[in-house]
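See structure below.
The values are calculated or read from the model by the stated rules, or taken from the named source; none is laboratory data. Being a predicted model, the structure only gives us computed values, none of them experimental. Neighbour counts are summed over all protein chains in view; Cβ atoms, including those assigned to glycine, are modelled from backbone coordinates with ideal geometry. The protein model used for the area step is the full one, side chains on, heavy atoms only, and it has no ligands, DNA or RNA in it. Shrake-Rupley method; radii C 1.70, N 1.55, O 1.52, S 1.80 Å.
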Amino acid sequence: MTRRQTWFSAPGLFSGWFLLAALAAPLGGCKAKVPEITAPFRDDFERAEPGPNWLDTSGQVRLEAGKLHVSQGYNRPVWLRQKLPRDLVVELDVASKSPDGDIKVELFGDGQSFDLDRGSYEATGYVFIFGGWQNTLSIIGRLGEHDDAVKVKRSEPAVVPGKTYHWKITRKGGQIDWQIDGQPFLSWTDPEPLAGDGRAFLGITNWQADVDYDNVQIRPL
């Protein structure tokens with residue numbers, strides 16, 4: 001069995017066939033049509049619950065003080081249930097409360113996969129990790145975060161616990177540019193850009209650290 005599992009196969013996350021049908025429908029290609037972001041999108045999380053616009057595959061995500069809080073996510077993302085435009089700018093504010101750093105976002109994933117058993121997660125999109133591996137490495141990965149899936153990386157700077165960083169990720173064609181606090185951080189050009197229905201969603205995730213995400217903005221180009 002592959003370690004990447006669709007959300008509805010995870011034990012203990014949900015119960016009852018009526019919940020399965022209700023939650024699976026928005027992502028099913030032959031069922032309800034998934035909305036696509038065609039105008040500037042923003043979520044500042046100023047509410048009590050993530051709500052139906054987000055699919056939490058971990059059951060651990062909560063909103064605190066107007067921020068999306070992820071802790072011990074173990075590569076079980078909370079997926080935005082709207083398709084990304086092919087060319088776009090994504091901006092968000094992030095902060096880790098842990099010395100481990102471990103701030104992670106997945107772009108152009110399938111919108112439902114997650115790590116079933118804390119094993120080797122098979123990402124379905126581009127992975128952006130700031131301060132991974134106990135705050136020693138930052139990467140852009142394609143369909144993974146280990147070995148050949150790592151396309152570019154750097155060891156510095158490390159994440160400062162408690163500091164809020166502003167990320168800006170731009171993709172146009174195959175060119176991917178990642179800035180942090182207005183400064184170039186990592187960039188890479190994909191000769192075969194990920195696209196299509198199974199490569200169209202944003203996921204917010206991590207491993208064990210306490211991380212806050214806020215002010216998610218997506219703008220088509």
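See the values below:
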| quantity | calculated |
| --- | --- |
| Residue match in the range 155-172 (condition: open to solvent by 20 Å² or more (accessible area, probe 1.4 Å), modelled with pLDDT of 95 or more and among the hydrophobic types (A, V, I, L, M, F, W, C)) | yes |
| Residue within the range 82-92 that is touching a Gly at 6+ places or on another chain (Cβ under 9 Å) and modelled with pLDDT under 95 present | no |
| The range 197-213 - residue that is outside any strand (DSSP E or B) and out of contact with any Leu (no Cβ under 8 Å at 6 or more places or on another chain) and, of those, surrounded by the fewest Cβ atoms within 10 Å (Cβ to Cβ) | Asp197 |
| Matching residues in the range 18-47 - criterion: being of a type in the set (D, E, K, R), out of contact with any Pro (no Cβ under 9 Å at 6 or more places or on another chain) and at pLDDT below 95 | Lys31 |
| All positions within the range 173-196 that are touching a strand residue (DSSP E or B) at 6+ places or on another chain (Cβ under 8 Å) and part of a strand (DSSP E or B) | Gln175, Ile176, Asp177, Trp178, Gln179, Ile180, Pro184, Phe185, Leu186, Ser187, Trp188, Thr189 |
| Hits in the range 36-86 (condition: open to solvent by 40 Å² or more (accessible area, probe 1.4 Å) and of a type in the set (Asp, Glu)) | Glu36, Asp44, Glu46, Glu49, Glu64 |
| Which numbered condition Trp133 misses (of (1) of a type in the set (A, V, I, L, M, F, W, C); (2) open to solvent by 40 Å² or more (accessible area, probe 1.4 Å); (3) assigned to a loop (DSSP other than H, G, I, E, B)) | (3) |
| One residue from Val150, Val105 being without any contact (Cβ under 8 Å) to a residue 12 or more places away in the chain and touching a strand residue (DSSP E or B) at 6+ places or on another chain (Cβ under 9 Å) | Val150 |
| Residue within the range 121-128 that is without any contact (Cβ under 8 Å) to a residue 24 or more places away in the chain and over 26 Å from Arg42 (Cβ atoms) present | no |
